[in-house]
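The values are calculated or read from the model by the stated rules, or taken from the named source; none is laboratory data. Please read all numbers here as calculations on a predicted model, not as lab measurements. All Cβ positions, even for glycine, are placed from backbone atoms using ideal geometry, and neighbour counts span all protein chains on display.
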Amino acid sequence: MEFYVTAAPGTERVLVDELRDLGFRSARLNSGGIPFMGELRDGWKACLHTRIGQRVMLVLGRFPAENLDQIYLRAKTLPWELYLTPEQTFACAAYAHPSTGENPDFVALRLKDAIVDQQRDRFNGARSGVSREDPDVRAFVYWGRGKATFYLDLSGDPLFKRGYRVAGGEAPIKETLAAAILRLADWDGKAPLLDPMCGSGTFLVEGALWAANVAPGIFRPRFGFERWANFDSEAADTMRQLRGEARRNATGQLPKITGCDLDASVLELAAANAKSAGLAGKLALRTVPLREQRNDGVRRLVVTNPPYGVRLDAANQLYQELGAAVMRMHNCRVAILAGTPRCLSNIHVPPVAKFPLKNGAIDCQLTIYEIP
């Protein structure tokens, strides 16, 4: 079977490296997401273990398609009955390239019509209901340049929803993006890690789970594919084995991981998230303002996502303090996700790498420095 792991823009390179590290040797670099080949259980394994992928999709078929009628006819030939019965709910979504001239909602509607009409033919008039909020099965079609590709979403909820977060600060970074940034910064999971403006602790928890080899999906009660029609008792046994292997492979070994913030109440959120992820007492959380932070000479990765939606006057002072703190991080590698160039205006060494990324809808740049 062919699978496709969707990626946030700019994270494809580290996602393909991660999937190859997980044993998916057929994974190849591709814009927007990474395809790989495998058995169905390999798709389940990808859901359980990828830290960077946003969704894992099963490719059901590719066809030439020039209009909505052809989308409908092609979709109707696919074996939806293997995954969806009238007793289950489903939802459809679509991407339509601007060259098609079609509204994606209309494309999704034709996909829904094809699935429902096929069900009526095969199940004596019975059909599945549509659930937009919590469907058992999610179908997707990508249509562009005269070709349509049809997918089933194995993930269910997007994979950044790990299941451990119990509290979020103001505009927390997504877990998948945090994991990608740690890889882009060339962190090896062994060097000490510091977030000087840690908020609710996403970088800290993601770094700790990676360092301890804890599968990021182990906290989720179930994935989307566990609600499919073909997920029988034998499949459930296989999934229990995969979860068991993931738990046994966790090492529990961590480097020193430290988070600082000016707001003690925010650090309480970070502590709650760490506890929910099985990391109670394993992270050093300190109420320390930026102006008092400096490195002790130990080589470590400093990574942070400074706020960039603050008032101009407040931002100027914050970014001055950030720049001064960075320049005191001697012998450190520093990675900053900057939503505005002003974040970096007071850092007086040239960057060694830059990566354009998106934090939600915000265009950002991950900028990496080596501080002498």
Worksheet item: Given (1) touching a strand residue (DSSP E or B) at 6+ places or on another chain (Cβ under 9 Å); (2) farther than 30 Å from Glu81 by Cβ; (3) among the aliphatic types (A, V, I, L, M), where does Val141 come up short, assuming only one miss?
Response: (2)
Worksheet item: Within the group Leu269, Leu301, Leu285, Leu279, which residue is crowded, with 17+ Cβ neighbours inside 10 Å and under 23 Å from Pro351 (Cβ atoms)?
Response: Leu301
Worksheet item: Any idea which residue in the stretch 124-171 is surrounded by the fewest Cβ atoms within 10 Å (Cβ to Cβ), counting only those that are of a type in the set (A, V, I, L, M, F, W, C) and more than 19 Å from the chain's Cα centre (by Cα)?
Response: Ala126
Fill in: Where a residue in the stretch 174-191 is more than 13 Å from Gln54 (Cβ to Cβ) and its partner, wherever it lies, is modelled with pLDDT under 95 and of a type in the set (Ser, Thr, Tyr), with Cβ under 6 Å and at least six apart
none
Response to the item:
Asp263 meets each of (1) surrounded by fewer than 21 Cβ atoms within 10 Å (Cβ to Cβ); (2) in contact (Cβ under 8 Å) with a residue 60 or more places away in the chain with one exception, condition (2)
Discussion item. Can you list residue pairs whose Cβ atoms sit under 9 Å apart, with the first residue in the stretch 281-296 being hydroxyl-bearing (Ser, Thr, Tyr) and the second being in a strand (DSSP E or B)? Count only pairs 6 or more apart in sequence or on different chains.
Written reply: Thr287/Cys260; Thr287/Asp261
Fill in: Set Ala271, Ala277, Ala246, Ala315: member being at pLDDT below 95 and out of contact with any Cys (no Cβ under 6 Å at 6 or more places or on another chain)
Ala315
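Conditions (1) crowded, with 16+ Cβ neighbours inside 10 Å; (2) more than 18 Å from Lys147 (Cα to Cα); (3) assigned by TED's automatic domain parsing to the domain that holds Ala139, marked per residue:
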site	(1), (2), (3)
Asp69	no, no, yes
Ala75	yes, no, yes
Pro79	no, yes, yes
Glu87	no, yes, yes
Ala93	yes, no, yes
Ser99	no, no, yes
Phe106	no, no, yes
Worksheet, complete the sentence: Exactly one of Gly297, Gly339, Gly309 is of a type outside the set (S, T, N, Q), assigned by TED's automatic domain parsing to the domain that holds Leu184, touching a Cys at 6+ places or on another chain (Cβ under 7 Å) and modelled with pLDDT under 95, and that residue is Gly339
Worksheet item: Could you list, in sequence order, the residues of the stretch 139-170 that are in contact with a Gly (Cβ under 7 Å, 6 or more places away or on another chain) and among the aliphatic types (A, V, I, L, M)?
Response: Leu154, Leu159
Item to complete: Quick one: count up the residues across the stretch 133-149 that are in contact (Cβ under 8 Å) with a residue 60 or more places away in the chain and either of a type in the set (Val, Ile, Thr) or assigned to a loop (DSSP other than H, G, I, E, B) (or both).
Response: 5
Response to the item:
Restricted to the stretch 148-196 and to residues being among the basic types (Lys, Arg) and out of contact with any Phe, Trp or Tyr (no Cβ under 7 Å at 6 or more places or on another chain), the residue nearest to Gly217 (Cα to Cα) is Lys161
Worksheet item: Out of all the residues in the stretch 308-329, is one or more within 26 Å of the chain's Cα centre (by Cα) and closer than 24 Å to Pro255 by Cα?
Response: no
Item to complete: Could you tell me whether Ala361 is crowded, with 19+ Cβ neighbours inside 10 Å and assigned by TED's automatic domain parsing to the domain that holds Leu194?
Response: no
